[in-house]
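Notes to accompany the following structure.
A short reminder: the numbers here are calculations on the coordinates, not readings from a lab. None of the values given here were measured: they were computed from a predicted structure. Cβ: placed from backbone, ideal geometry, glycine included. Neighbour counts: every protein chain shown.
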Amino acid sequence: MAKGNILIADDDAAIRTVLNQALARAGYAPRATGNAATLWRWISQGDGDLVITDVLMPDENAFDLIPRVKKLRPDLPIIVMSAQNTFMTAITATERGAYEYLPKPFDLNELIAVVGRALAEPRRKAQRLSAEASDGHFEEAARLLGEARRELDDVGSPEDRSAPEVVAETKAKAREALGDEAFEAVYGTGLGPDGA
């Protein structure tokens, strides 16, 4: 059984071939394309556990694609690679939500290690969430959610606070009560008052 399904997008056929072979030898199930449109189709269909993409593609820049991917599948790790070995390229990749930036040419062993770390991170997060749930974080989140719903029910007249204000205030209370990591974990599950 494969360690994970890896989606590769690079317009250079030689790089696709090398990555395909290296990832397959490392026990992964790679799938490669030469354009962003096919990559987006795969991602939107729920395919792939991780994405490796070049920045410059014939049909779209990866920096424009990453925010759409993160909106649809926020936990999907994306590794960006580029021959544009500039500090700004690395910063832009990080700002857009990439898990890692690798300048070309890169060491295949380094790439395999980064893929392994990126795929292991969601497992660690799930284990941490499970432990936190037993520590009462989800109970606290549920209590805060109930409080938010009661406050939202009370919002009615123009003099009262608006629903978005109540939601924002409740989220602030939840973040303070739970801490940043637990807050993100709970609200990332769709349990938050606005479903986000």
Exercise. Filter the range 65-81 down to the residues that are out of contact with any Leu (no Cβ under 8 Å at 6 or more places or on another chain) and in a loop (DSSP other than H, G, I, E, B), then identify the one that is surrounded by the most Cβ atoms within 10 Å (Cβ to Cβ).
Key: R73
Exercise. Go through the range 1-29 and count every residue that is within 19 Å of the chain's Cα centre (by Cα) and of a type outside the set (G, A, S).
Key: 5
